[in-house]
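Shown next, in structure tokens, is the structure this report addresses.
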Amino acid sequence: MATKEVFHGVPGILRPFKEFVETTGLNNGDQIVYYGVPGTCTPFVELLAFALRSLELEQVFVPFVDESKAKKISHVENVGMQAGARAVALNPKAIVVMGGLSMPNVPVKAEQVKDVIGKHPGAAIIGVCFMHMFEKAGWLDTVSFNCLIDATIDPVEVTK
């Protein structure tokens, strides 16, 4: 049976993410590839990448599941992690699937993500979503995750 733990706040997303990545046996220079929606997922990807900055991994962002548009994520002094330079080749040892891909009106289906994962056998598969998006979209029947981080952003308070 899978172990389920509950954490809180941004550290509750980043610490378990980093801890899981550390247990996958990645070596310096190994590649972790994030698949997500441009603009929506990118800030979260850069935050996750920042949590791994000390691990000396090559980190890459792929918009949607279009690997031809992969961008290397690099540390920018006094800014954080930023997607920018084109990645040379994909050989992920870990794949992070962002929950934004499963949102309504996003042109990606669970089967497409499963196909992309199938192109990289042996990679650890990590899901990161908010508000049970993978579950709500029915993706958990199609995509198997070695680690699933499902955060809640509720309530959101706005003061004007």
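Nothing in this text is a laboratory measurement; each read-out follows from the coordinates by a stated rule. Keep in mind that this is a model prediction, so the values were computed, not measured. All Cβ positions, even for glycine, are placed from backbone atoms using ideal geometry, and neighbour counts span all protein chains on display.
Pairs spanning more than 18 Å between alpha-carbon atoms, out of Lys18/Lys136; Lys18/Lys93; Lys69/Lys119; Lys72/Lys114; Lys72/Lys93; Lys72/Lys109: Lys18/Lys136; Lys72/Lys114; Lys72/Lys109. In the distance distribution for region 41-99, Cα-Cα pairs more than 12 Å apart total 65 percent.
Each label point was placed 7 Å from the Cα along the Cα-to-Cβ direction; for His132 and Ser74 their separation is 4.3 nm. The spacing between region 1-74 and region 94-160, judged by their C-alpha centroids, is 12 Å. Counting neighbouring beta carbons within 10 Å and listing from fewest to most, the residues Ile13, Ile73, Ile95 come out as Ile13, Ile95, Ile73. Computed over region 85-160, the percent of Cα pairs more than 15 Å apart is 59.
Legend: ranking of residues Met103, Met98 from fewest to most surrounding C-beta atoms inside 10 Å; resulting order Met103, Met98. Sorted ascending by nearby beta carbons within 10 Å, beginning with the fewest, Phe145, Phe50 become Phe50, Phe145.
Positive-end ranking of Thr40, Phe50, Gly80 along the dipole of region 22-89, with charges on Cβ about the Cα centre, is headed by Thr40.
Convex hull volume per residue, computed on the Cα atoms of region 117-156, equals 68 Å³.
Panel values: region 1-133, Kirkwood radius from alpha carbon pairs, Stokes-Einstein at 37 °C and 0.692 mPa s, translational diffusion coefficient 218 µm²/s.
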